[in-house]
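Each remark here refers to the structure printed beneath this line.
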Amino acid sequence: MMNKLGVLMLDTKFERIVGDIGNPQSFPMPVVYKTVKGATVSRIVKEGDKRLIRPFIDAAKELESQGADAITTSCGFLALFQKDIAAGTKVPFYSSSLMQLPLVFRMFGGPVGILTARKASLSMDHLAAVGAEKVPSVIYGMDDMPSFTSAIVEETNPLDKEKIEAEMVHLAKQLVADHPEIKAIVLECTNMPPYKESIRKAVSLPIFDIFTLTEFVFSSLKQ
């Protein structure tokens, strides 16, 4: 029997296309989901609301009771709560793709680019919470990208895959043009992986995301 992944989901309504962490077809292993009621994008991304730590721990315990062998989340900004949630779980817990930053930097020996859903909200506290505050990095955000922001951050418009893909590729190319010293890119947001291959093709750099981290974690588990 294959090991099972548990995913703690934010309280959102936007479409989860294949490649998004919220779509079980995105994974090679069975997945169980638990939505944390009240954990909106605003409260997690914009506010970093610590009152949600306990509900996330309780939800993680529910996933454990459903047989999850490892647990992750649907939002990279939950890096801020990595220590607290991990302390409340019995199985491996990895909150964010940002946890890969130190490893990626050491592997490539140069600065790492970070593409995030909202640069205005991604603080040094988030990076420090996963041991990445000293990693040389350059952060570019989707803050001014209307299709991405309106669909995923504000949830005011339907998700338009083609338009978001174009925005993602544009931002990645801008990042590399402005910072040619970048050796690799980490996608903070778990809604970005559907566009990973287009980004990789556009910039010809290694791309890391929540799925590369999941593969790493699951390769360590006893079957």
Exercise. Is at least one residue of the range 52-71 under 16 Å from the mean Cα position of the chain (by Cα) and polar (S, T, N, Q)?
Worked result: no
Exercise. What are the residues in the range 57-81 that are out of contact with any Asp or Glu (no Cβ under 9 Å at 6 or more places or on another chain) and open to solvent by 20 Å² or more (accessible area, probe 1.4 Å), if any?
Worked result: D58, K61, E62, E64, S65, Q66, G67, D69
Problem set entry | Scope the range 32-51; condition in contact with a Leu (Cβ under 7 Å, 6 or more places away or on another chain) and either open to solvent by 70 Å² or more (accessible area, probe 1.4 Å) or aliphatic (A, V, I, L, M) (or both); matching residues | V32, V36, A39, V41, I44
Exercise. Any idea which residue in the range 94-112 is most open to solvent (accessible area, probe 1.4 Å), counting only those that are over 30 Å from A68 (Cα atoms) and touching a Ser or Thr at 6+ places or on another chain (Cβ under 7 Å)?
Worked result: P111
For this session: Filter the range 13-31 down to the residues that are farther than 23 Å from L122 by Cβ and β-branched (V, I, T), then identify the one that is most open to solvent (accessible area, probe 1.4 Å).
Result: V18
Seminar exercise, completed: A careful count of residues in the range 1-12 that are open to solvent by less than 30 Å² (accessible area, probe 1.4 Å), among the β-branched types (V, I, T) and in contact with a helix residue (DSSP H, G or I) (Cβ under 7 Å, 6 or more places away or on another chain) gives 0
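The values are calculated or read from the model by the stated rules, or taken from the named source; none is laboratory data. Being a predicted model, the structure only gives us computed values, none of them experimental. Counting neighbours? That spans all protein chains shown, and the Cβs are built from the backbone with ideal geometry, glycine included. To get the accessible areas, we keep the full protein, side chains included, count just its heavy atoms, and leave off ligands, DNA and RNA. Shrake-Rupley method; radii C 1.70, N 1.55, O 1.52, S 1.80 Å.
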